[in-house]
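Below is one structure, written out as structure tokens; comments come after it.
The values are calculated or read from the model by the stated rules, or taken from the named source; none is laboratory data. This one's a predicted model, so the numbers in the text were calculated from it and none came from an experiment. Here Cβ is always computed from backbone atoms with ideal geometry, including for glycine, and neighbour counts include all displayed protein chains.
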Ligand code: M6R
């Protein structure tokens, strides 16, 4: 994870960098930092543990904050080394003449660091990243740096827990030679030479005090986008950080190294061979990523679901036909089995996809946790369609599973919200969610967007395989068109959901149970509560409780049950009786009109009655609101929960 930004141009870079970091803070918020190269030729760094607001306060308190028209910045999600100021990015070389920000993990950092130490380098941090700046230093200067160069002084000061590093030097190039017109391309070559020694994942931006108006950016397995302007260029981990300045973007590919100068960008591979990359124009609006009067992005995004669902379905329900032209890139007749691969909330969407694919398309379906599959030896081949579900399209484990599937000859289909994300570039076909940007770290509208796309996919595969006839497609199309209204009704039940959440927010643990389609919903409900309220929760298939977890139940542990109409409804009611007999408090989500269930439950939260396959849309919405209000009642950081990040780009 981590968010990185860079700017070269004529304008003052600091506000541009800070604005970009604010839009990327969902990627990590353990610490933040910026480095700017002033028009006086001086490089200045400011970094601070904690959220971006603390860095902003530090900068505001400075008489002379860093300034200049070239700069880079970083917001961190810690992997190697605790989230302290010293471990915050940017990292610098011994002389403070090179600075670098990085997202990813350098897997061979330990042997590299030992070798660099043996050659005289000094390390200040516990990060894997710091080896990068020393490798580039060697490649650029052609020597091992000393702590103070012959032609200047290095000044490091510590201000409370904030660190500043400044270096004051004249312009000098590699091995003390003057910088020539080819300085920027030689610098890019030095970065490439350093990166050829590295194993692992990176998106990085580096700048040298010797080269005003120049950045070098590189990508391998972590996302990085260039924003193309007139006389100015930007770099960022994600498109929303660029949209205030430009809509023309260039998506870097794995192995790309970009020389970014005011006048334009040049992309090569690691060997220095030029790479042609097409610029895209982004059509969605930056305003879609604003809070719009809501207290939290999460709450706004829950409310957006009915509209987002309509957007997902738009153009895909063509009369009574399902229209997914993207599938033309796949040889679906050759498919004999399906493997759905994902993590977290996307995995639960995948579990629901399995139920629909088996029911409607009559294909055997396996659902695999990406972080497990990637190190397993799965039986995959050209007859196995691998469906990768990932809202971000950048989840490292899912991308690795995709590489494994491709290596085994399996066709891959990406289901994602992120246009141009890594997963789409390696996939044979992509189905986009079309739900707009999701800024809250926890998934809400992307989950229901995934369900909508996977529902269409299952029905379309069923139709093609002759198991889901035209009348059934027409019924489903009618029910899907009515779904946004049903979700609006579910959201309208918020007062009762909120009352339940506020009443139970002081409990230390909760169970969420359901059967059939409500089993993955129970898992998602438990994950949502854990993520944003930090209340311990377990999701269980209701029939499994008696095989162990029922021992946990007592009056202090509430049980939240999804009891909407289903073939297993009566079985579920028996499970609720068992729970009741142990004195546990019951909150039940039930179909409108089910008044009988009230005899078992302390609280009943009613939702519109839907066909079983579509119940997860409304039931998950109730679970989202429940988790949201529990978290607000506890004063949690709902949009940026501790220890989480929106895109998990490390394994
Ligand atoms: O971007 P992805 O869908 O691949 O992300 C997968 C998980 O990291 C994600 O769903 C995570 O569980 C979220 N925090 C859920 O709210």
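Annotations
- When residue 491 is tested against (1) over 30 Å from residue 584 (Cβ atoms); (2) under 27 Å from the mean Cα position of the chain (by Cα); (3) surrounded by fewer than 24 Cβ atoms within 10 Å (Cβ to Cβ), exactly one condition is not met: (1).
- Residue in the range 555-563 that is modelled with pLDDT of 95 or more, over 30 Å from residue 637 (Cα atoms) and in contact with a strand residue (DSSP E or B) (Cβ under 7 Å, 6 or more places away or on another chain) present: yes
- From 526, 522, residue being in contact with a strand residue (DSSP E or B) (Cβ under 7 Å, 6 or more places away or on another chain), buried (at least 21 other Cβ atoms within 10 Å of the Cβ) and free of Cβ contacts under 8 Å to residues at least 24 places away in the same chain: 526
- Segments classed as helices (runs of 4 or more DSSP H), wholly inside the range 1-120, with at least 3 members that are closer than 27 Å to residue 196 by Cα: 109-118
- Among residues of the range 413-441 being at pLDDT 95 or above and in a loop (DSSP other than H, G, I, E, B), the one that is farthest from the ligand (Cβ to nearest atom) is 428.
- Applying the condition of being free of Cβ contacts under 8 Å to residues at least 60 places away in the same chain and away from the ligand (no atom under 13 Å from the Cβ) to the range 336-353 and asking which residue is nearest to residue 457 (Cα to Cα) yields 338.
- Scanning the range 381-410 for residues that are part of a loop (DSSP other than H, G, I, E, B) and in contact with a helix residue (DSSP H, G or I) (Cβ under 8 Å, 6 or more places away or on another chain) turns up 382, 383, 390, 391, 393, 394, 395.
- On inspection, residue 127 fails the criterion of being surrounded by 21 or more Cβ atoms within 10 Å (Cβ to Cβ) and touching a helix residue (DSSP H, G or I) at 6+ places or on another chain (Cβ under 6 Å).
- Residue check for residue 41: farther than 24 Å from residue 226 by Cα and surrounded by fewer than 24 Cβ atoms within 10 Å (Cβ to Cβ): yes
- Test: residue 477 is over 30 Å from residue 643 (Cβ atoms) and either at pLDDT 95 or above or in the same structural domain as residue 310 (by TED's automatic domain parsing) (or both): yes
- Against the list (1) at negative phi; (2) touching a residue at least 60 places away in the same chain (Cβ under 8 Å); (3) surrounded by fewer than 24 Cβ atoms within 10 Å (Cβ to Cβ), the condition residue 14 fails is (2).
A quick yes/no check of all residues on (1) in contact with a helix residue (DSSP H, G or I) (Cβ under 8 Å, 6 or more places away or on another chain); (2) over 24 Å from residue 353 (Cα atoms); (3) modelled with pLDDT of 95 or more:
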{"residue": "498", "(1), (2), (3)": "yes, yes, yes"}
{"residue": "507", "(1), (2), (3)": "no, yes, yes"}
{"residue": "512", "(1), (2), (3)": "yes, no, yes"}
{"residue": "546", "(1), (2), (3)": "yes, yes, no"}
{"residue": "565", "(1), (2), (3)": "yes, no, yes"}
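- Among the residues of the range 226-269, those that are modelled with pLDDT of 95 or more, touching a helix residue (DSSP H, G or I) at 6+ places or on another chain (Cβ under 7 Å) and crowded, with 24+ Cβ neighbours inside 10 Å comprise 236, 257.
For (1) more than 13 Å from the ligand (Cβ to nearest atom); (2) in contact (Cβ under 8 Å) with a residue 60 or more places away in the chain, each residue gets a yes or a no:
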| residue | (1), (2) |
| --- | --- |
| 357 | yes, yes |
| 364 | yes, no |
| 370 | no, no |
| 391 | no, no |
| 405 | yes, yes |
| 408 | yes, no |
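- Hits in the range 603-651 (condition: within 28 Å of residue 50 (Cα to Cα) and more than 16 Å from the ligand (Cβ to nearest atom)): 629, 632, 633, 634, 635
- Checking residue 445 against (1) within 15 Å of the ligand (Cβ to nearest atom); (2) in contact with a strand residue (DSSP E or B) (Cβ under 8 Å, 6 or more places away or on another chain); (3) at pLDDT 95 or above, the condition it does not meet: (2)
- Scanning the range 574-595 for residues that are crowded, with 22+ Cβ neighbours inside 10 Å and assigned to a strand (DSSP E or B) turns up 587, 588, 589, 590.
- Subset tally (residues that are under 25 Å from the mean Cα position of the chain (by Cα) and within 16 Å of residue 12 (Cβ to Cβ)) for the range 36-83: 4
- Failed condition for residue 545, given (1) crowded, with 21+ Cβ neighbours inside 10 Å; (2) not in a helix (DSSP H, G or I): (2)
- For the range 320-332, the candidate set comprises residues that are out of contact with any strand residue (DSSP E or B) (no Cβ under 9 Å at 6 or more places or on another chain) and in contact (Cβ under 8 Å) with a residue 12 or more places away in the chain; within that set, the residue that is farthest from the ligand (Cβ to nearest atom) is 320.
- Output for the range 465-495, where each listed residue is farther than 17 Å from residue 319 by Cα, touching a residue at least 12 places away in the same chain (Cβ under 8 Å) and assigned to a helix (DSSP H, G or I): 484, 485, 486, 487, 488, 489, 490, 491, 494
- Residue check for residue 565: exposed (fewer than 13 other Cβ atoms within 10 Å of the Cβ) and outside the structural domain of residue 298 (by TED's automatic domain parsing): no
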